[in-house]
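A short worksheet on the structure shown next.
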Amino acid sequence: MNEAVRKLWPELDWIRDEALREKTARTWEVALERSVLSAEDLGVIPFTLLCGPDLKVNFMDHKRCVVHIARASGEKMNQFFGNDLPVNMDVLISGAILADVGKLLEYELDDSGKAVQGTYGRYLRHPFSGVSLAEECGVPPEVCHIIAAHAHEGDLVKRTTEAYIVHHADFMTFLPFKSHPAT
Ligand SMILES: [Fe+2]
């Protein structure tokens, strides 16, 4: 994996399977190669365009928070439910790291150089573009399922346990900003 992605995602080290870790990192590398955004931009731009101009939480802080919550949730479910509802931690962590990777293709720069949603992103939101990028990098279907089903597009999908966890980790860290925007 390259240095930019290693710096962006220390959480990649939590994936035990080396091949899956590399495929997960590679997906981010490809997305960064094709994006108008740089790795540095991701530490500055707001994590969503849906909460108005006052949102200060940056893209990476939100994405990493989702991964941390997903991992802690998976560990607790394994601790309390054991074999009754086993959570595959590698699949969970890889899926959480990749859930929003397609967002890198959703942005265009406007005339003032500001990142805004572009035409590609309007036609293909990040659950779709994320799956496309991940499959290209050899990411297995159980992880692509998490990318595909993490947002509202996935509400008609029969989610796996890992996909449910990522979906809720994502929304519990997004909806409060939407209903109680910073003033
Ligand atoms: Fe998302």
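The values are calculated or read from the model by the stated rules, or taken from the named source; none is laboratory data. Values in this document were obtained by computation on a predicted structure and should not be read as measured data. Please note: Cβ atoms are built from the backbone with ideal geometry, for glycine as well, and neighbour counts cover all protein chains shown. With ligands, DNA and RNA removed, areas are computed over all heavy atoms of the protein, side chains included. Shrake-Rupley method; radii C 1.70, N 1.55, O 1.52, S 1.80 Å.
For this structure, a couple of remarks:
- Residues considered: L104, L156, L175. Of these, the only one that is among the aliphatic types (A, V, I, L, M), at pLDDT 95 or above and surrounded by fewer than 18 Cβ atoms within 10 Å (Cβ to Cβ) is L156.
- For region 54-101, a residue qualifies if it is of a type in the set (S, T, Y) and open to solvent by less than 10 Å² (accessible area, probe 1.4 Å), and exactly one does: S94.
- Number of residues in region 109-125 that are charged (D, E, K, R) and either crowded, with 16+ Cβ neighbours inside 10 Å or within 16 Å of the ligand (Cβ to nearest atom) (or both): the value is 2.
- Applying the set (1) touching a helix residue (DSSP H, G or I) at 6+ places or on another chain (Cβ under 6 Å); (2) farther than 22 Å from G52 by Cβ; (3) within 14 Å of the ligand (Cβ to nearest atom) to K103 leaves exactly one unmet item: (2).
- Top-ranked residue of region 127-143 - restricted to ones that are open to solvent by less than 30 Å² (accessible area, probe 1.4 Å) and away from the ligand (no atom under 14 Å from the Cβ), ranked as nearest to C65 (Cα to Cα): V143
- Count of region 144-153 residues, restricted to those that are within 13 Å of the ligand (Cβ to nearest atom) and out of contact with any Pro (no Cβ under 7 Å at 6 or more places or on another chain), is 3.
- Cβ-Cβ distances below 7 Å connect the following pairs, each with a first residue in region 44-65 that is part of a helix (DSSP H, G or I), a second residue that is among the hydroxyl-bearing types (S, T, Y) and modelled with pLDDT of 90 or more, and a separation of six or more residues or different chains: H62/T173; C65/T173.
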